[in-house]
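**Student:** I have a structure I would like to understand better, so I am pasting it below and will then ask my questions one at a time.
The values are calculated or read from the model by the stated rules, or taken from the named source; none is laboratory data. Given the structure is predicted, the values throughout are model-derived calculations rather than measurements. Please note: Cβ atoms are built from the backbone with ideal geometry, for glycine as well, and neighbour counts cover all protein chains shown. We work out accessible area using only protein heavy atoms, side chains counted, and drop any ligands, DNA or RNA first. Shrake-Rupley method; radii C 1.70, N 1.55, O 1.52, S 1.80 Å.
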Amino acid sequence: MKRFDLELTVGLFIIAGIICLGYLSIRLGKIEVVGSKGYEIYALFSNSGGLKVGSSIMIAGVDVGRVKSITLDNYQARVVFHFPENVKIQEDAIASIKTKGLVGEKYVEITPGGSKKIIEPRGQMRETQPAVDLEEIISKFVFGKIE
C-alpha cells in the first residue's frame, strides 16, 4: 500500500510540473490560447524589413499591441496590427518599423497624430515608414554614394 501512495504522489507531482511548464511557456511566449478581446487595423509598407508575426507595437515606449499577420498585397507588405479595446489610434498616426538596438529585433512604433478621428476596426493606417535597410546604407557609404 505504501508503494502505491508513493507512486501516486510522484505522478501527481509530475502532472503539476507539466501543467506549470505549459503555463509558463504560454505566458513567456505571449501566445494567445483563447482569442483576446480587441480590434485589428492594417497598414501597407513598401518593405517590412524583417518584421515578424508577434512583434511588439509601441507608443511612447509602451507595448500596446502585437503584429498579427504579414502578407503580400499588391507588391506591398500588408501588416495587420492587434490592439486591446482601450487603445485608440488617430487617423493621422504614423507607423514606423524600428529596430531595438543595432541588430536587435524589429518592432512597430506608432507616432500619434493630432486628429480627433479614430481609425475604425479593420481600418487602414495611411501613414507608414518602412524599415531602414542597414546593408543598403553601408553599401552606399562604402561606394561613396552618400549624399
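**Student:** Once the Cα atoms of the chain are picked out, what are the Rg and Dmax in Å?
**Tutor:** Computed over the Cα atoms of the chain, radius of gyration and Dmax are 21.9, 84 Å.
**Student:** Net charge near Ile97, counting Lys/Arg +1 and Asp/Glu -1 over other residues with Cβ under 9 Å of its Cβ?
**Tutor:** Taking every other residue near Ile97 into account, the sum is +1.
**Student:** Could you pull out the longest piece of the chain with no exposed loop chymotrypsin sites (Phe, Trp or Tyr not before Pro) in it, calling a site exposed if DSSP puts it outside H, G, I, E, B and it has at most 11 other Cβ atoms within 10 Å?
**Tutor:** Excluding the exposed sites themselves, the longest stretch runs over 1-74.
**Student:** Okay, next question. I want the local charge near Val79. Using Cβ-Cβ distances under 10 Å, sum +1 for each Lys or Arg and -1 for each Asp or Glu among the other residues.
**Tutor:** Details: positive: Lys68, Arg78; negative: Asp73.
Result for the local shell: +1.
**Student:** Express in nm, to one decimal, how much length is gained between Ser96 and Leu12 on full extension, taking 0.36 nm for each residue of separation and deducting their alpha carbon distance.
**Tutor:** The Ser96-Leu12 span can extend by a further 25.3 nm.
**Student:** Work out the FRET efficiency for Val62 and Ile26 from their Cβ-Cβ distance, taking R0 = 25 Å, and round it to the nearest 0.05.
**Tutor:** On the way: r = 23 Å, r/R0 = 0.90.
My answer for the efficiency is 0.65.
**Student:** State to the nearest 20 debye the size of the charge dipole of the chain about its Cα centre, where the only charges are +1 on K and R beta carbons and -1 on D and E beta carbons. Intermediate values should be presented prior to the final figure.
**Tutor:** Details: 19 positive and 17 negative charges, 57 e Å.
Using Cβ point charges on Lys, Arg, Asp and Glu, the chain gives about 280 debye.
**Student:** With viscosity set to 0.692 mPa s at 37 °C, what whole-number translational diffusion coefficient in µm²/s follows for the range 49-111 from Stokes-Einstein and a Kirkwood radius over Cα pairs?
**Tutor:** Using the Kirkwood radius from Cα pairs, D works out to 268 µm²/s.
**Student:** Before I look further, what does the chain give for accessible area per residue, probe 1.4 Å, in whole square angstrom?
**Tutor:** Per residue, the chain has 73 Å² of solvent-accessible surface.
**Student:** Continuing with the same structure: Using +1 at the C-beta of Lys and Arg and -1 at the C-beta of Asp and Glu, which of Ile97, Val80, Tyr23 has the Cα lying farthest in the positive direction of the dipole of the range 7-105?
**Tutor:** Result: Ile97.
**Student:** How big is the range 92-147 by Rg and Dmax over its Cα atoms, in Å?
**Tutor:** Cα only, the range 92-147: 15.5, 46 Å (Rg, Dmax).
**Student:** Under the rule of -39500 (n - 2.57) per DSSP H run of 4 or more residues, summed and divided by the residues of the chain, what mean residue ellipticity at 222 nm is obtained, to the nearest 500 deg cm²/dmol?
**Tutor:** Values: 2 runs with 37 residues, N = 147.
-8500 deg cm²/dmol, from helical runs alone.
**Student:** Pull up the cross-link candidates among the aspartates and glutamates for Lys117, meaning alpha carbon to alpha carbon under 19 Å and not fewer than 8 places away within one chain.
**Tutor:** Partners within reach: Glu40, Glu85, Glu91, Asp92, Glu127.
**Student:** Here's a follow-up. What residue among Leu72, Leu28, Leu51 has the largest mean-square fluctuation in a Gaussian network model of the chain, using Cα springs under 10 Å?
**Tutor:** Leu28
**Student:** Name the lysines eligible as straight-distance cross-link partners of Lys116: C-alpha to C-alpha under 20 Å, and not fewer than 8 places from it in the same chain.
**Tutor:** Lys88
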